[in-house]
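Engineer: Quick one: the structure is below, questions incoming.
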Amino acid sequence: MATTTSLETSSPEETEAAGEELGRRLQKGDLVLLRGELGAGKTTFVRGVARGIGSAAPVASPTFQLVRIYPGRLQLAHVDLYRLEDGDELRDLGLDELVDAGAVVVEWGDRIDKRAGVDAALISIEHLGGDRRLIRTDRDLRR
Ligand code: ADP
Ligand code: MG
């Protein structure tokens, strides 16, 4: 989809609600890449996504694991590439298998090499100062 949509939020709850809205629309095979600096609100957004797929699991940054799995009406894999060391680690992650098994949302998703030809939705979260954040969907889910 060519259109870029943007939404300004002024609390973590509003960012979670935006994530929840996306989570309700996710289908098996969907890949969502999130970009935004540390503290932008990526994990907060994913907390909403998990709720949107109907998962009651607590969502935290998968700091020491590259991926966490949340069961819901479909499986959600929550990937965080912040500590990604090299391309080998990305290959070992088995992104294709995770996408086959459910929906996947990736923090620091901009670290995935676009030349790999991944077909993904792109969402950026930008710090606007204080509690204000700009959430931009640069590319939506293909439907
Ligand atoms: P990231 O995963 O991008 O590093 P986190 O979601 O872990 O960011 O942290 C975002 C921090 O900013 C949290 O402490 C959250 O409470 C705070 N915050 C304040 N306002 C907002 C907002 N509008 N949206 C998201 N997070 C916000
Ligand atoms: Mg995070």
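The values are calculated or read from the model by the stated rules, or taken from the named source; none is laboratory data. In this text the structure is predicted, and so the values were computed from the model without any measurement. So basically every Cβ, Gly included, is an ideal-geometry build from the backbone, and we count neighbours across all protein chains shown. Keep in mind that these areas ignore ligands, DNA and RNA; they rest on the heavy atoms of the full protein, side chains included. Shrake-Rupley method; radii C 1.70, N 1.55, O 1.52, S 1.80 Å.
Engineer: Obtain the nm distance between the two label points defined at Thr5 and Glu97 by a simple spin-label model: each point lies 7 Å from its Cα along the Cα-to-C-beta direction.
Structural biologist: 3.4 nm
Engineer: Let me ask something else. What three numbers, in Å, describe the spread of the alpha carbons of the chain along their principal axes, ordered from the longest?
Structural biologist: On the principal axes, the chain reaches 37, 34, 30 Å in Cα extent.
Engineer: Could you sort 12-19, 29-36 so that the peptide with the highest average Cβ count within 10 Å comes first and the rest follow in order?
Structural biologist: 29-36, 12-19
Engineer: For helix 42-52, report the angle its Cα long axis makes with the longest principal axis of the Cα atoms of the chain; keep it between 0 and 90° and round to the nearest 10°.
Structural biologist: Helix 42-52 and the main axis of the chain meet at about 80 degrees.
Engineer: So, one more: Give me the percent of accessible area attributable to carbon and sulfur for the range 31-104, probe 1.4 angstrom.
Structural biologist: 49 percent
Engineer: Report the GluC sites (Glu not before Pro) located in the range 43-143 that are in a DSSP loop and have at most 13 other Cβ atoms inside 10 Å of their Cβ, or state none. List each step's numbers first, then the result.
Structural biologist: Values: sites: Glu85, Glu89, Glu97, Glu107, Glu126; in loops: Glu85.
Of the GluC sites (Glu not before Pro), the ones in loops of the range 43-143 whose Cβ has at most 13 other Cβ atoms within 10 Å are Glu85.
Engineer: Keeping every protein chain present and rolling a 1.4 Å probe, give me the accessible area per residue for the chain in Å². Provide the component values of the computation, followed by the final result.
Structural biologist: Working: 7660 Å² over 143 residues.
With all protein chains present, the chain gives 54 Å² per residue.
Engineer: Where does the chain land at 222 nm, in deg cm²/dmol rounded to the nearest 500, when only DSSP H runs of n ≥ 4 count, each adding -39500 (n - 2.57), divided by all residues? Could the numbers behind the result be given before it?
Structural biologist: Values: 4 runs with 39 residues, N = 143.
Estimated from H runs of four or more residues: -8000 deg cm²/dmol.
Engineer: Assign unit charges at the C-beta atoms only (+1 for Lys and Arg, -1 for Asp and Glu), then state the dipole size of the chain relative to its Cα centre in Debye, rounded to the nearest 20.
Structural biologist: Approximately 420 debye in magnitude.
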